[in-house]
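Taking it in order: structure first as structure tokens, then the write-up.
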Amino acid sequence: MIMGIIEKILIVICLVLMVLLGMAGWYYHTSQGTIAMLNQQNAAQALALKTQQLTITTMQEKTEQQASAMTVLEQRSLVAYQYRSDLEKKFATPAFKKEAVTNAPALQKSMNDAAKKVFTNLEAITSVYTNTYVGSDAKGKQ
């Protein structure tokens, strides 16, 4: 009778151990899957962060380049505005009007040369592909 009770207790203990071992195996397997999934997500987030940092760096460099280009454009614009003001003053003088009446071909050549210079300068200050500036002021040069 005592042997029967001990045998039953041993069977119950073995069953409890088997259930515990099964639960431990299930927990281990589930935990490993979760850990693997979290590692993949971590790697994906690290890659996304690196890409974002590279994008931010590139955008900052482009912003600095644009600011520099805007500064050059502003300087060239000021030079062109001063040149325009000088031409307006020159055209308004009585000596210019007298020159227009007495020596029209020379004045025409001079005006054509000035117009060519203005358009060359306009192209130089508005184009990103040329650095040619036909001006007497070094401020407009890049």
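Rule-based calculations on the coordinates, nothing more; no lab input. As the structure is a prediction and not an experimental result, all values here were calculated from the model. When we count neighbours, we look across all protein chains shown, and the Cβ atoms used for this are built from the backbone with ideal geometry, even at glycine.
Ranking PHE91, LEU10, ASN42 by Cα position along the charge dipole of the chain, where only Lys, Arg, Asp and Glu carry charges on their C-beta atoms, puts PHE91 farthest toward the positive end.
Our note on the geometry: Cα centres of region 1-54 and region 57-73, 56 Å apart. Net charge dipole, region 1-136: roughly 680 debye, given to the nearest 20, about the Cα centre with Cβ charges of +1 for Lys and Arg and -1 for Asp and Glu.
Given 5 Å bins starting at zero, what is the percent of C-alpha pairs of region 29-96 in each, up to the one with the largest pair distance? Result returned by the calculation: 3, 14, 8, 9, 8, 7, 8, 6, 6, 5, 5, 4, 4, 3, 3, 2, 2, 1, 1, 0. Normalised by residue count, the chain yields a Cα convex hull volume of 126 Å³ per residue. Dividing the summed -39500 (n - 2.57) terms of all DSSP H runs of n ≥ 4 by the residue count of the chain sets its mean residue ellipticity at 222 nm at -32000 deg cm²/dmol. Modelled this way, with points 7 Å down the Cα-to-C-beta line, the labels at GLN65 and LEU47 are 2.7 nm from one another. Taking the charge dipole of the chain about its Cα centre, with +1 at Lys and Arg Cβ atoms and -1 at Asp and Glu Cβ atoms, the residue from TRP26, GLN60, SER77 reaching farthest to the positive side is SER77.
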